[in-house]
Amino acid sequence: MTTIPNLRNALAAALLAVTPAAALMLNSTTAHADMSTADLVSALQEGGHVLFIRHATTESDYADQVTATMGDCSTQRTLSEKGWAEARALGQAFDRLEIPVGSVISSEYCRAWKTADLAFGHHEKSSALNFEPAEEYSDAQISTMREQITPYLSAIPAPNENTVLVGHDDPFEAATGIYPEPMGIAFVLLPKGDGAFDVLGSILVDAWPLDLN
């Protein structure tokens, strides 16, 4: 995780550097609505959406993307006891609300794939959801994170299913311009294919309803 102002300043510079046509495409890709929690849950119950979840709460909060070794959790931030409970409660909410889940894809960081596995019982890892290895991102690194994650945010799920992505703050902000906080927050997206999607709204980790009645 890099500091929020630094990434936002870099994102603004990156947008100024692209062509007007490319900037228009990026803006149209990330239309942002603010639907209610009940409406977001109803949409997920119908399938056809992508849910991006920032990993659950960690024991500490620091940028580990430069020193982290994939496959070695001892070199990374790890989930706290609270984070383990959050992830399990998320999976229970999905079961209770009868939200269909298809593919569950996480970054290679331990805090992401453990969140995915605790919540949903299965996952596959993709380096496309990882950070770039820097604390101060260059325009090229921001573009790389955006280009890597966008196909996952925009891919249309199988019929009557939702795709779940579990990842990190900086790649999501690089693709959407939205900083996902706090840890555990989930964003519901309507994917349109070919790099396009709409952000419908978000649900905090402790705000999933018991039911919709």
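What follows draws every value from the coordinates through simple rules; no lab data is involved. Remember, it's a predicted structure, so these values are computed and weren't measured experimentally. Note that each Cβ is placed from the backbone with ideal geometry, even for glycine, and that neighbours are counted across all protein chains shown.
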Does the stretch 4-203 classify as rounded, prolate or oblate by the C-alpha gyration tensor (a ≥ b ≥ c root eigenvalues; a/c under 1.5 gives rounded; else a/b over b/c gives prolate, otherwise oblate)? oblate
Fraction of beta bridges assigned by DSSP in the stretch 4-203 that are antiparallel (%, nearest 5): 50 percent
So how far apart, in nm, are the two label points at residue 34 and residue 206 if each is 7 Å from Cα heading toward Cβ? 2.2 nm
Return the sequence-ordered ³J(HN,Hα) values of the stretch 40-54 in whole Hz as given by the Karplus equation 6.51 cos²θ - 1.76 cosθ + 1.60 applied to θ = phi - 60°, using x for Gly and Pro. 5, 5, 4, 4, 5, 5, 7, x, x, 10, 10, 10, 9, 10, 6
What is the calculated FRET efficiency for residue 42 to residue 196, with r their C-beta to C-beta distance and R₀ = 25 Å, to the nearest 0.05? 0.65
Check the straight Cα-Cα distances from residue 125 and name the aspartates and glutamates below 15 Å, setting aside those fewer than 8 residues away within the same chain. 72, 108, 117
Sparse-neighbour loop sites [GluC sites (Glu not before Pro); the stretch 106-182; at most 13 other C-beta within 10 Å; DSSP]: 136
By the Cα gyration tensor axes a ≥ b ≥ c (a/c under 1.5 gives rounded; else a/b larger than b/c gives prolate, otherwise oblate), the shape of the stretch 65-145 is prolate
Mind listing the long-range amide H neighbours of residue 166? Cut-off is under 5 Å, sequence gap 5 or more, other chains count too, H placed in the peptide plane at 1.01 Å from N. 53, 105, 106, 107
Least to most buried among 57, 144 (fewest other Cβ within 10 Å first): 144, 57
Modelling each spin label as a point 7 Å along the Cα-to-Cβ direction, I'd like the residue 62/residue 122 distance in nm, to one decimal. 3.8 nm
